[in-house]
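The values are calculated or read from the model by the stated rules, or taken from the named source; none is laboratory data. Here the structure is a predicted model, which means the values were calculated and not measured. Every residue, glycine as well, gets a Cβ built from its backbone with ideal geometry; the counts of neighbours run over all protein chains shown.
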Amino acid sequence: MTRTMLLAADGHYTIGGTEQIGHWRDSDDSIIWLDIEAQPTDQLRALLESLGCNPLAINDAFRDRHPPKIEAFDDNTFLLFRGISKMDAALELEHQQVAMWAGKRLLITYHRKQAISVTHMWDNEAGNRALGAPGKLALKLLHYACSYYLENLLEFEGRLADLEDGLVDDRSEEEMKELVGYRSRLRKLKRTFSYHKEIAEHLHHFPEQFFVFLEDEADHVRRDVYDRCERLHSLCQMYYELCGDLVEGHISLSSHNLNQTMKVLTIISALFVPLTFIAGIYGMNFQYMPELGWKYAYFGVMGFMATLAIALLLLFRRIRWL
């Protein structure tokens, strides 16, 4: 699917297809947004090259997976980031790679499947009227994608708080697996956000290098993008470490409970070792054993064994083993 949005000099918006590219070329005062949702083809490559997109940038955009990046060219700035196709409160997500070329009179967005950020900004562009500055609109697309990430991360915070509060309770194997799964997903998110944070740092500290055609009024947008990316990275790092702490806490509690169980079993074994020793002596089949002829030998041995067991219990309690 290829669609275009043409902003004429009089401020009038026109929605159409690739036929509007010719109208845009004929008017020096018009601005166009070309949104492409399709698989890479030679025809698409030719179209992008005809609009001034660098062939190397096109190669990066056409790859299945490529780290987010930003690169400045003579006529436009190429921005590649990972948006979201689907994400829930459990951090189950599907990334959607989005490539953008932003020039003075041109914005191109390319993605293979539906991109939430592009769809949102397209549906609201007529009201926002951000197409007048394509570079600024590109930053808003990145900002909205980061906001969507942040919204889901904050929802996940509630679930993480429940797991943290219940740490001292009996933990099930399913919750342990859940924590390990969260940690794995957060590791992937942290890697993505580190790329986005690097992009935002370049945009914030070196605007003249990447968006020379942006007005000064876009400074606050660059700052917002930087703050949002930095917060995402720090939150993801914090949640990752918290999940790690919860996993280690669960393992420590499990080890402690196991040690307590082994302690009880060891005390029981210590009680029965001398009793078993005595029972073993009198279980030997010797003909001459003096105690066997005594009328009260059985009761005497049983009493001695009971006294020994009680004495050991008192000893263990005195040295605080019990």
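Residue by residue, here is whether (1) under 20 Å from LEU186 (Cβ atoms); (2) modelled with pLDDT under 80 holds:
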position: ALA89; (1), (2): yes, yes
position: GLU92; (1), (2): yes, yes
position: HIS95; (1), (2): yes, yes
position: ALA102; (1), (2): no, no
position: ARG129; (1), (2): no, yes
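For GLU125, all conditions in the list (1) surrounded by 14 or more Cβ atoms within 10 Å (Cβ to Cβ); (2) modelled with pLDDT of 75 or more hold save one; what is the number of the exception? The one condition GLU125 does not meet is (2). Each residue in region 1-31 was checked for being assigned to a loop (DSSP other than H, G, I, E, B) and touching a helix residue (DSSP H, G or I) at 6+ places or on another chain (Cβ under 6 Å), and 1 of them qualify.
Each row is one residue, and each column tells you yes or no for (1) touching a residue at least 40 places away in the same chain (Cβ under 8 Å); (2) not in a helix (DSSP H, G or I).
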position: LEU235; (1), (2): yes, no
position: GLY249; (1), (2): yes, no
position: ILE267; (1), (2): yes, no
position: LEU292; (1), (2): no, no
position: LYS295; (1), (2): no, yes
position: LEU312; (1), (2): yes, no
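I'm checking my understanding of the structure. Among residues of region 215-267 that are basic (Lys, Arg) and surrounded by 19 or more Cβ atoms within 10 Å (Cβ to Cβ), which one is farthest from the chain's Cα centre (by Cα)? Result: ARG222. Being under 60 Å from the mean Cα position of the chain (by Cα) and more than 18 Å from PHE277 (Cβ to Cβ) is the filter here, so list the residues in region 291-315 that pass it. LEU314, the sole residue that qualifies. Exactly one residue out of GLN39, GLN43, GLN96 is touching a Lys or Arg at 6+ places or on another chain (Cβ under 7 Å) and within 26 Å of GLY22 (Cβ to Cβ): that is GLN39. Per the conditions (1) under 28 Å from the mean Cα position of the chain (by Cα); (2) over 30 Å from VAL180 (Cα atoms), the sole criterion not satisfied by PHE286 is (1).
Among the residues of region 228-249, at least one is closer than 30 Å to PHE316 by Cβ and either small (Gly, Ala, Ser) or modelled with pLDDT under 80 (or both).
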